[in-house]
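I have placed the structure first, in the form of structure tokens, so that the comments after it can refer back to it.
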Amino acid sequence: MSSEGQLAGRPALISGAASGLGRATAERFAREGALVMVADIDVEGGEAVVAGIKEEGGIAVFRRTDVTDRADVRQMVADAASEFGGLSVLVNNAMSNPSDTYTEDERWDTMLESGLAAYWAAGVAAAPHLAKSGHGAVVQIASIAGARMGISFASEAYSSAKAGTVGLTRSFCKRFGPEGIRVNCIAPGVIETPRWRAPGLPEPDFGIRYRKMTPLGRYGLPYEVAALALFLSSDEGSYVNGQDIAIDGGFTNAALFETADLS
């Protein structure tokens with residue numbers, strides 16, 4: 001862990017940081033000197049991330065958070081600011097994964113609450129702390145599904161939440177920019193995380209089609225998304241504001257639909 005890294009001494013709150021993109025981001029931020037609050041409903045996974053960061057000499061704490069509970073989301077922000085004496089970076093990443101037993105209404109409510117309303121609640125609660133830091137940044141995780149295009153394997157609720165995240169990013173940019181807070185959005189394509197495909201499982205058909213049509217010919221990796229989140233959160237990205245940036249190997253802008261062998 002570095003005392004001279006890009007986020008040295010800056011408090012960062014990352015939701016959904018027990019696994020996948022959130023975990024990779026928490027670990028990268030810690031290596032860059034950030035003081036990291038790992039927020040997730042997965043206690044075992046979140047505590048493991050914190051333990052790993054501490055083993056490498058970093059500073060991190062875990063807070064169990066239910067992003068379907070707006071009051072808990074607001075308290076999460078307050079607890080992070082209290083723990084570290086302020087807040088410099090907020091990464092809105094968490095999104096609940098509804099049970100297969102949910103009705104369509106329950107799925108819609110859960111995903112829109114956790115993947116959009118929670119981002120709004122966290123951003124509004126964090127803004128005063130971010131403004132005081134002098135270099136506040138919000139990074140929101142969307143998806144090419146909804147944010148850039150319609151994709152059949154993404155549910156309507158998921159796609160709507162991700163599309164809404166882009167709109168929320170732009171609104172936050174206008175609202176918080178005058179306070180010196182930058183707000184940007186990342187729209188990943190298919191990234192190799194346990195939520196998408198558990199380790200060792202075969203590629204689903206949609207994944208094979210995506211990979212073959214992607215100009216780079218592969219899936220993304222969590223550390224690549226974390227690197228972009230770091231850039232957007234650090235002084236290196238100090239004039240990037242209000243953007244939604246796809247990280248998808250070129251899929252949405254230059255898919256190889258003419259030549260890809262999908263057989």
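The values are calculated or read from the model by the stated rules, or taken from the named source; none is laboratory data. As the structure is a computational prediction, the values presented were derived from the model and not from experiment. When we count neighbours, we look across all protein chains shown, and the Cβ atoms used for this are built from the backbone with ideal geometry, even at glycine.
Among the residues of region 102-154, count how many are farther than 18 Å from Ala78 by Cβ and in a helix (DSSP H, G or I).
Count: 17.
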Self-check item: Single match in Ser82, Ser171, Ser96 (criterion: buried (at least 17 other Cβ atoms within 10 Å of the Cβ) and of a type in the set (S, T, N, Q))
Solution: Ser96
Quiz prompt | Selection within region 1-55 - modelled with pLDDT under 95 and either within 23 Å of Ala127 (Cβ to Cβ) or out of contact with any Lys or Arg (no Cβ under 8 Å at 6 or more places or on another chain) (or both) | solution = Ser3, Glu4
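Would you check if there is a residue in region 47-61 being surrounded by 21 or more Cβ atoms within 10 Å (Cβ to Cβ) and closer than 22 Å to Gly164 by Cα?
no
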Practice problem: Check region 55-78 and report whether any residue there is of a type outside the set (S, T, N, Q), in contact with a strand residue (DSSP E or B) (Cβ under 8 Å, 6 or more places away or on another chain), part of a helix (DSSP H, G or I) and within 24 Å of Ser238 (Cβ to Cβ). | Solution: yes
Exercise. Output the residue which, of all residues in region 217-253 that are exposed (fewer than 13 other Cβ atoms within 10 Å of the Cβ) and not hydroxyl-bearing (Ser, Thr, Tyr), is farthest from the chain's Cα centre (by Cα).
Key: Gly217
